[in-house]
Ligand code: CP
């Protein structure tokens, strides 16, 4: 039986079934073959117009979506809030409705407010893909992270994944927790207690404040960035102290009894959450994550366009 994606939008991993996630991975497998061919372009999204609407800075996600759209032969328009009429007081709904009136079929949006994509989905007909909404979710990041673990370790089921760092302000952490658990992985969060939300245990994750214990437990360590831009108060004394207690360096990695896979969603603060000799080591799959992001985003847009 032909499988189809259950959702009109990709607002968060919370809404997806395990079958949805596996369908994205199987579709991404095909697109990964395509983007490694000399001719990297397919006509799958010809005559589909996608608007990339970014109200917050991005390097990886924005470039990855745009590249994915171009590989699928979609027409692409890019909108950056700082250079738009948003600065003149236009609302989110008015901005997007104006863009959609120019016959746009799909919207990829990053916004600093949690829930912005859900809010928009109630007011417009086009498919919306959440490219990160504040501290809430970053679904395509979680999909490419889990896909990279599957690629490196053969499967996600039964693997132990430690998400380490600023859990409190991280949309990557929440989307990863949902995605990894739906695929049958065990998840631990680790960081200073001030950066771990009080009720995170209700999501079924283990909680650990000792980095060495977390590293000895896990098969995969996903090192998160300290999100200073979202911290309105001090959650730890200094970056130097944070790095001494929670930074992953070569000495710590070498002290473990087994090899672990090291991940990071980027952007990296080298020398804070991870040192360069670890980020650039054979244990790291950071650049594989970035490469896989294009195939995953092609898969998501292809499945949503097919559904609609
Ligand atoms: N991983 C990630 O979302 O990076 P950007 O903020 O550069 O898009």
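The values are calculated or read from the model by the stated rules, or taken from the named source; none is laboratory data. Nothing here was measured: the structure is a model prediction, and the numbers come from that model. Neighbour counts are summed over all protein chains in view; Cβ atoms, including those assigned to glycine, are modelled from backbone coordinates with ideal geometry.
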Inset, instruction - Among what's in the stretch 41-76 and is at pLDDT below 95 and over 17 Å from residue 130 (Cβ atoms), pick the residue that is nearest to the ligand (Cβ to nearest atom). - result: 59
Inset, instruction - Take the stretch 63-102 and flag every residue that is touching a residue at least 60 places away in the same chain (Cβ under 8 Å) and surrounded by fewer than 18 Cβ atoms within 10 Å (Cβ to Cβ). - result: 67
Inset, instruction - Return the residue satisfying two criteria in turn: it lies in the stretch 152-166 and is in contact with a strand residue (DSSP E or B) (Cβ under 8 Å, 6 or more places away or on another chain) and surrounded by 23 or more Cβ atoms within 10 Å (Cβ to Cβ), and of such residues it is farthest from residue 274 (Cα to Cα). - result: 161
Inset, instruction - Determine, yes or no, whether residue 158 is at pLDDT 95 or above and either in contact with a helix residue (DSSP H, G or I) (Cβ under 7 Å, 6 or more places away or on another chain) or within 16 Å of the ligand (Cβ to nearest atom) (or both). - result: no
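How many residues does the stretch 77-87 hold that are touching a strand residue (DSSP E or B) at 6+ places or on another chain (Cβ under 6 Å) and away from the ligand (no atom under 16 Å from the Cβ)?
Residues flagged as touching a strand residue (DSSP E or B) at 6+ places or on another chain (Cβ under 6 Å) and away from the ligand (no atom under 16 Å from the Cβ) within the stretch 77-87 amount to 1.
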Inset, instruction - Of the numbered conditions (1) away from the ligand (no atom under 15 Å from the Cβ); (2) crowded, with 19+ Cβ neighbours inside 10 Å; (3) modelled with pLDDT of 95 or more; (4) within 20 Å of residue 13 (Cα to Cα), residue 120 fails exactly one; give the number of that condition. - result: (3)
Inset, instruction - Only residues that are more than 17 Å from residue 120 (Cβ to Cβ) and either touching a strand residue (DSSP E or B) at 6+ places or on another chain (Cβ under 9 Å) or in a strand (DSSP E or B) (or both): list them for the stretch 50-60, please. - result: 57, 58
Legend entry - Residues of the stretch 217-244 classified as surrounded by 13 or more Cβ atoms within 10 Å (Cβ to Cβ), more than 16 Å from the ligand (Cβ to nearest atom) and assigned to a helix (DSSP H, G or I), total: 4
Inset, instruction - Could you tell me whether the stretch 262-272 includes any residue that is within 16 Å of the ligand (Cβ to nearest atom), without any contact (Cβ under 8 Å) to a residue 24 or more places away in the chain and not in a loop (DSSP other than H, G, I, E, B)? - result: yes
Inset, instruction - Check off (1) in contact with a strand residue (DSSP E or B) (Cβ under 9 Å, 6 or more places away or on another chain); (2) more than 16 Å from the ligand (Cβ to nearest atom); (3) within 23 Å of residue 160 (Cβ to Cβ) for residue 282 and give me the number that stays unchecked. - result: (1)
